[in-house]
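Colleague: Before we start, here is the structure in question, set down as structure tokens.
The values are calculated or read from the model by the stated rules, or taken from the named source; none is laboratory data. Predicted model only: the values in this text are computed from it and were never measured. So basically every Cβ, Gly included, is an ideal-geometry build from the backbone, and we count neighbours across all protein chains shown. With ligands, DNA and RNA removed, areas are computed over all heavy atoms of the protein, side chains included. Shrake-Rupley method; radii C 1.70, N 1.55, O 1.52, S 1.80 Å.
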Amino acid sequence: MAFSTYPRVPWIVIIIASIPFGAGIYFVFTSTFTYLVTAYRPIAASAMASNSALRSAFAAVFPIFARPMYLKLGTVGATALLAGLTTLMAPLPFIFYKIGARLRAQSRFTAE
């Protein structure tokens, strides 16, 4: 979506490109919430609250650096940077799937 900021890109391209993005966000949130409740059943409310607090803290801090980043890098550059960071984080669910059992075994808060 970073390269859809050019004026010559039709608006429908942006709408169509946002469909997989929205679906991805939905699946990430759903799987994260399900995992937190399942893995941390005894303290599920606290796990969900900490997730919400972390997301809210990021949402509060993002505007502080977003405007300078977009002014310095431009619309395409800043959005491409965010897309690149997202691409680098894409393998994390698979990594956590592979080492998740070991991480949960070391935690005293997970359900048995």
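Colleague: Of everything in the range 1-57, what is among the aromatic types (Phe, Trp, Tyr) and touching a residue at least 24 places away in the same chain (Cβ under 8 Å)? Give them in sequence order.
Modeller: Correct list: 3, 6, 40.
Colleague: Sort out which residues of the range 78-112 are of a type in the set (S, T, N, Q), outside any helix (DSSP H, G or I) and either surrounded by fewer than 11 Cβ atoms within 10 Å (Cβ to Cβ) or in contact with an Asp or Glu (Cβ under 8 Å, 6 or more places away or on another chain) (or both), and write them in order of number.
Modeller: As a first pass, look at the range 78-112 and keep what is of a type in the set (S, T, N, Q): 79, 86-87, 106-107, 110.
When the remaining residues are screened for being outside any helix (DSSP H, G or I), the result is 107, 110.
Selection gives 107 alone.
Colleague: Moving to a separate point now. Can you name the residue in the range 1-42 that is small (Gly, Ala, Ser) and open to solvent by less than 50 Å² (accessible area, probe 1.4 Å) and is also modelled with the lowest pLDDT among such residues?
Modeller: Applying the filter and picking the extreme gives 2.
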